[in-house]
Amino acid sequence: MLSACRLDAQPQLVDVLSLSPLGVHPDHQLHGVGTQLIKAALKAADDRGVPLVFLEGSPTYYGTRGFQRASSCGFRSPSLRIPDLGFQVAKLSSYEPWMTGTFVYSEAFWANDCVGLRDPERFARIATQV
């Protein structure tokens, strides 16, 4: 699922999206279903002219599907609870180099305590799994 968020860039706010974690039933894993879901989400965002899609997730999995470490691209995480390795971004065709800054989740993420991890050690264990 893609959710509306913002990037607090120096010259202006930029409308961006966040890709929520996805899951594929174990009976259907390893058949490319997750990859196709991600590909469709990124295409839908790109077709709408969205420049960036952010997520929190495994760099091993999402790194081979169009995402890269956001901090190495000039983006700041909205929370200290998000491990640097897990904070990722996909740059789409309308991205411009001036678009750097702090990623900001919409209020619903904060109101429901859905930002970052409460158990960073768990992320360390799963971050290297595909």
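Output the residues belonging to region 11-32 that are within 23 Å of Arg48 (Cα to Cα) and in a loop (DSSP other than H, G, I, E, B).
Going residue by residue through region 11-32, those that are within 23 Å of Arg48 (Cα to Cα) are 11-22.
Answer for region 11-32, where residues must be within 23 Å of Arg48 (Cα to Cα) and in a loop (DSSP other than H, G, I, E, B): Pro11, Gln12, Ser20, Pro21, Leu22.
May I ask you to say which residue of Pro59, Pro51, Pro83 is surrounded by 14 or more Cβ atoms within 10 Å (Cβ to Cβ) and under 13 Å from Ser18 (Cα atoms)?
Details: Pro59 fails: under 13 Å from Ser18 (Cα atoms); Pro83 fails: under 13 Å from Ser18 (Cα atoms).
On inspection, the qualifying residue turns out to be Pro51.
Which one of these does Thr35 not meet: (1) in a helix (DSSP H, G or I); (2) hydroxyl-bearing (Ser, Thr, Tyr); (3) modelled with pLDDT of 95 or more?
With (1) in a helix (DSSP H, G or I); (2) hydroxyl-bearing (Ser, Thr, Tyr); (3) modelled with pLDDT of 95 or more applied to Thr35, the lone miss is (3).
Considering only region 38-91, how many residues are over 26 Å from Leu13 (Cβ atoms) and either modelled with pLDDT under 95 or not small (Gly, Ala, Ser) (or both)? Steps first, answer last, please.
Initially, region 38-91 is screened for residues over 26 Å from Leu13 (Cβ atoms), giving 39-40, 58-61, 63-65, 85.
Cutting the leftovers down to either modelled with pLDDT under 95 or not small (Gly, Ala, Ser) (or both) gives us 39, 58-61, 63-65, 85.
Residues in region 38-91 being over 26 Å from Leu13 (Cβ atoms) and either modelled with pLDDT under 95 or not small (Gly, Ala, Ser) (or both): 9 in total.
The values are calculated or read from the model by the stated rules, or taken from the named source; none is laboratory data. Just so we're clear, the structure is a prediction, and the values are computed from it rather than from any experiment. Please note: Cβ atoms are built from the backbone with ideal geometry, for glycine as well, and neighbour counts cover all protein chains shown.
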